[in-house]
Amino acid sequence: MKKRDFLLALLCSVPLAAAAANSFPERPVHIVVAYPAGSTMDTLARMIAAEMQTAINAVFIVDNKPGAAGQIGAEFVTKSAPDGYTLFISGSSTHSANPSLYKQLRYDPVKDFTPIVEIATVTYALVVNASLPVNNMAELARYAKSRPKGVSYAFGSQLAQISSATITRMAGFPAVAVPYKGQPPAMSDLLGGQVDFMVADVPFLLPQIQGGRMRALAVLNNARSPLLPAIPTLKEQGLVGYDLAGWIGLSGPAGMPADVVKALSQASAKVLGEPAFRARLSAMGMEYEPNSPAEFGQLVADQVGVWSRKVKDAGIQPE
């Protein structure tokens, strides 16, 4: 009798689970951002949340959980119930770079998350203080080689650290890495002449470039940025093989129901496909390329391997 009762309970739970998934969402959905309010990730999360409320008829709340290079927010999500009510603005720093930069990362970017949608690719650029007598990557390399200790670069993110180390290795010039707690203090010292160059996302750099205080030498993506159409890519300048993608996506804890993932993926695609929203992304130096949860998951897995190789090649020691 006990065995029969157990089987009956198990069979009954299947339609109940399906019904729960089909009724999603029934309460507010929280989107966790692993960075402070006002950051690029936070701004994008709030844009998504505002539009998703209409697309899927639910309340979306952005929760900022910054600290430890994004690890606090990421770990919080992995320990949340996989019911679709706790989501994460994942990115190349938390999911591509961190696994190679930390010896004891308390989450797995592939196994501990459910991929939902890649929101956008992010355009990054390398800039110098406008007073530095260089106008392209070849001139920066020559300038660095002409100085006894080479040049120095500031980095305020994991992506900037690995990107800068990779570029200096590809271009073959000496450079000293100077860490900062974020992009703003890194930019401050670059403007003050304490360091020679830095890598950051184009929207963050654009006001200083347009104001003439910084000079962009290269765009790190495969194509030129609409925001900096005159600035060539690394490939155009002979530096071939840079394949570190800057991306931002929407994920959830591992084990989310397929129906919930489908609902969120379809709603996200609707929001991201709107011309007005895509125009806002472009103004932020981002581009949306439609994909499925499976394709997004493959991107995450592929980039973990790419970044791991780049970190080893650059000689960066995990903390």
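Things to note:
- Put a plus charge on the Cβ of each Lys and Arg, a minus charge on the Cβ of each Asp and Glu, and nothing anywhere else: the dipole of the chain about its Cα centre is then about 600 debye.
- Projected label distance in nm at Q194 and A254, using a 7 Å step from Cα toward the beta-carbon: 4.1 nm
- Relative to its Kirkwood radius, the Cα radius of gyration of the stretch 20-97 gives an Rg/Rh of 0.98.
- Label sites at V176 and E274, each approximated as a point 7 angstrom past Cα along Cα to Cβ, lie 5.0 nm apart.
- Across the chain, C-alpha contacts under 8 Å between residues 6 or more apart give a mean separation that, scaled by the residue count, equals a relative contact order of 26 percent.
- If R0 is 45 Å, the Cβ-Cβ spacing of A230 and K79 corresponds to a FRET efficiency of close to 0.45.
- Computed over the stretch 37-158, the convex hull of the alpha-carbon atoms projects to a mean area of 10.6 nm².
- Crossing angle, helix 40-55 versus the chain [Cα axis fit, 0-90 degrees, rounded to tens]: 30 degrees
- Accessible area in square angstrom per residue, the chain, 1.4 angstrom probe: 46 Å²
- Fraction of the pair-distance distribution of the stretch 183-319 above 22 Å, Cα-Cα pairs, percent: 55 percent
- Of the accessible area of the stretch 176-234, computed with a 1.4 Å probe over protein heavy atoms only, carbon and sulfur atoms account for 55 percent.
- Computed from Cα atoms, the angle from the helix 258-273 axis to the main principal axis of the chain rounds to 40 degrees.
- Under the Debye formula (equal points on every Cα, no solvent term), log10 I(q)/I(0) of the stretch 215-288 at q = 0.25 Å⁻¹: -1.13
- If R0 is 30 Å, the Cβ-Cβ spacing of R213 and V240 corresponds to a FRET efficiency of close to 0.50.
- For the residue pairs K103/K181; K65/K111; K103/K262, alpha carbon separations beyond 29 Å are given by K103/K262.
- Pairwise FRET efficiency - E295 versus R142, Cβ, R0 = 45 Å, nearest 0.05: 0.60
- Extending 7 Å from the Cα toward the beta-carbon at both K312 and A50 defines two label points whose distance is 4.5 nm.
- Using the Cα coordinates of the stretch 138-259, the gyration tensor eigenvalues translate into equivalent-ellipsoid semi-axes of 27, 17, 16 Å, sorted from longest to shortest.
- Rel. contact order, % - alpha carbon contacts under 8 angstrom, at least six apart, the stretch 144-276: 19 percent
- Residues whose placed amide H lies under 5 Å from that of V151, excluding near-sequence neighbours: A175, V176
- 20 Å-binned pair-distance histogram of the chain (Cα, whole percent): 31, 52, 14, 3, 0
- When only alpha carbons are used to place a centre, the stretch 146-165 and the stretch 225-262 end up 21 Å from one another.
The values are calculated or read from the model by the stated rules, or taken from the named source; none is laboratory data. Values in this document were obtained by computation on a predicted structure and should not be read as measured data. FYI the Cβ positions are ideal-geometry reconstructions off the backbone, even for glycines, and counts take in every protein chain you see. Note: accessible area is taken over every heavy atom of the protein model, side chains too, but ligands, DNA and RNA are not part of it. Shrake-Rupley method; radii C 1.70, N 1.55, O 1.52, S 1.80 Å.
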